[in-house]
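**Student:** Pasting a structure below so you can have a look.
The values are calculated or read from the model by the stated rules, or taken from the named source; none is laboratory data. Small disclaimer: the values here were computed from a predicted structure and weren't measured. Glycine also receives a Cβ, built like all others from the backbone with ideal geometry; neighbour counts cover every protein chain displayed.
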Amino acid sequence: MSIILPLTTLFASILGIWTILLAIRVIQVRIGRNKYHKYDDETLDRSIRGHGNLIENTPIFLILFFLSEYQRFDPVFLQFIGWLFVIARLMHGVCFGFMKKSMFLRVGGSILSFITTSVLAVNLLINL
């Protein structure tokens, strides 16, 4: 079987797995907070925000990525942008889901997410 959009498939799969892992983390913190008093409210809030922020940013990125691959943008360019977005979301998710604080991971992940999504959107507009 031939995959028509292999890069979109790759990055959607990776980001889907990361989404599930962050959801599991939220469940883990929630259980640990309620049952064992292992985590505080801030830890729960941060893990929820880490998961929620991924959910907020990933769909628009994947839509723009899909359109870019469908329009046959350079695969090397798309791989570069795709991996940067994955790194950005890992940085942000690790910061919120598993750490108390890290401005570098939080800000770096946010900036890389904005840049990669913006680059795809602008490239699509330019190539209309």
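**Student:** Which residue is farthest from Phe61 (Cα to Cα), if the candidates are limited to segment 7-39 and must be in contact with a Gly (Cβ under 7 Å, 6 or more places away or on another chain) and without any contact (Cβ under 8 Å) to a residue 60 or more places away in the chain?
**Tutor:** Among those that are in contact with a Gly (Cβ under 7 Å, 6 or more places away or on another chain) and without any contact (Cβ under 8 Å) to a residue 60 or more places away in the chain, it is Lys38.
**Student:** Quickly run through segment 44-60 and pick out the residues that are in contact (Cβ under 8 Å) with a residue 40 or more places away in the chain and either within 23 Å of Ala12 (Cβ to Cβ) or of a type in the set (Ser, Thr, Tyr) (or both).
**Tutor:** Those that are in contact (Cβ under 8 Å) with a residue 40 or more places away in the chain and either within 23 Å of Ala12 (Cβ to Cβ) or of a type in the set (Ser, Thr, Tyr) (or both): Ser47, Arg49, Gly50, His51, Asn53, Asn57, Thr58, Ile60.
**Student:** While we're looking at this one, here's another question. So Trp83 passes all but one of these: (1) surrounded by 14 or more Cβ atoms within 10 Å (Cβ to Cβ); (2) more than 27 Å from Ile126 (Cα to Cα). Which condition number does it fail?
**Tutor:** (2)
**Student:** Quick one: is Thr58 surrounded by 12 or more Cβ atoms within 10 Å (Cβ to Cβ), among the hydroxyl-bearing types (Ser, Thr, Tyr) and farther than 26 Å from Asn127 by Cβ?
**Tutor:** No.
**Student:** Any residue at all in segment 97-104 that's under 24 Å from Ile24 (Cβ atoms), modelled with pLDDT under 95 and not in a loop (DSSP other than H, G, I, E, B)?
**Tutor:** Yes: segment 97-104 contains one or more residues that are under 24 Å from Ile24 (Cβ atoms), modelled with pLDDT under 95 and not in a loop (DSSP other than H, G, I, E, B).
**Student:** To continue, here is another question. Within segment 24-31, does at least one residue satisfy the condition of being among the aliphatic types (A, V, I, L, M), at pLDDT 95 or above and either in contact with a His (Cβ under 6 Å, 6 or more places away or on another chain) or buried (at least 20 other Cβ atoms within 10 Å of the Cβ) (or both)?
**Tutor:** yes
**Student:** What about Arg89, is it under 23 Å from Trp18 (Cα atoms), in a helix (DSSP H, G or I), touching a residue at least 60 places away in the same chain (Cβ under 8 Å) and among the basic types (Lys, Arg)?
**Tutor:** Yes.
**Student:** With respect to Leu78, is the statement that it is closer than 24 Å to Val122 by Cα, at pLDDT 95 or above and touching an Asp or Glu at 6+ places or on another chain (Cβ under 7 Å) true?
**Tutor:** Details: closer than 24 Å to Val122 by Cα: yes; at pLDDT 95 or above: yes; touching an Asp or Glu at 6+ places or on another chain (Cβ under 7 Å): yes.
Yes.
**Student:** Also: Would you confirm, using the coordinates I've provided, whether Val76 is over 17 Å from Phe11 (Cα atoms), out of contact with any Phe, Trp or Tyr (no Cβ under 8 Å at 6 or more places or on another chain), without any contact (Cβ under 8 Å) to a residue 24 or more places away in the chain and part of a helix (DSSP H, G or I)?
**Tutor:** When the stated conditions are applied, Val76 does not pass them.
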